[in-house]
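Below is one structure, written out as structure tokens; comments come after it.
The values are calculated or read from the model by the stated rules, or taken from the named source; none is laboratory data. Not measured: the values here are computed from a predicted model. For neighbour counting, all protein chains shown are included, and Cβ atoms are generated from backbone atoms with ideal geometry for every residue, glycine included.
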Amino acid sequence: MLDELPPFLIHWLITSVSLWVASHLFRGIRFADTSSLVIAALLLGLANAIVKPLLIVLTLPLTVLTLGFFLLVINALMIQLVSRLVSGFSVSGFWTAFFAAIFLSVFSFVLSAFLLGGSPAHPVQMPRSGVWL
């Protein structure tokens, strides 16, 4: 059934469920209603697709210096950005967004592996003959 849905809708569903679970685990994350949850999931996906790569490029030296741990700060900033844009979505502070970002990453990964069967969307094709580099 999930194979027929476009990947965008699947990721939107996974992000929505992850945000809903995070709102029940973290006291500092609140949604006024279901529509604010759905809109926040949509905007979080768009922010991760558009704004996050720009921030990663701009902060690349700091990310390399911290061995990639600064990416967690960028994830927390994406959640705070979305909470500022969506009126029914609130995050109490940076540390709540930080730990929620870690939870969202792990939970979304597990949920997508469970729903999608752990198989990649585009399997890697090995060469049939010759040397490949």
_Breaking point among (1) in contact with a Ser or Thr (Cβ under 8 Å, 6 or more places away or on another chain); (2) surrounded by 18 or more Cβ atoms within 10 Å (Cβ to Cβ), for Ala22_ = (1)
*For the range 39-68, enumerate the residues that are touching a residue at least 12 places away in the same chain (Cβ under 8 Å), over 20 Å from Leu9 (Cβ atoms) and assigned to a helix (DSSP H, G or I).*
Val51, Lys52, Leu55, Ile56
*asked:* Looking for something more than 16 Å from Ala49 (Cα to Cα) and assigned to a loop (DSSP other than H, G, I, E, B) - is there at least one such residue anywhere in the range 92-101?
replied: yes
*Kindly provide the set of residues from the range 59-112 that are over 17 Å from the mean Cα position of the chain (by Cα) and crowded, with 18+ Cβ neighbours inside 10 Å, ordered by number.*
Thr63
*If you check Pro120 against the conditions, is it under 24 Å from Leu9 (Cα atoms), surrounded by fewer than 10 Cβ atoms within 10 Å (Cβ to Cβ), at pLDDT below 95 and over 12 Å from the mean Cα position of the chain (by Cα)?*
yes
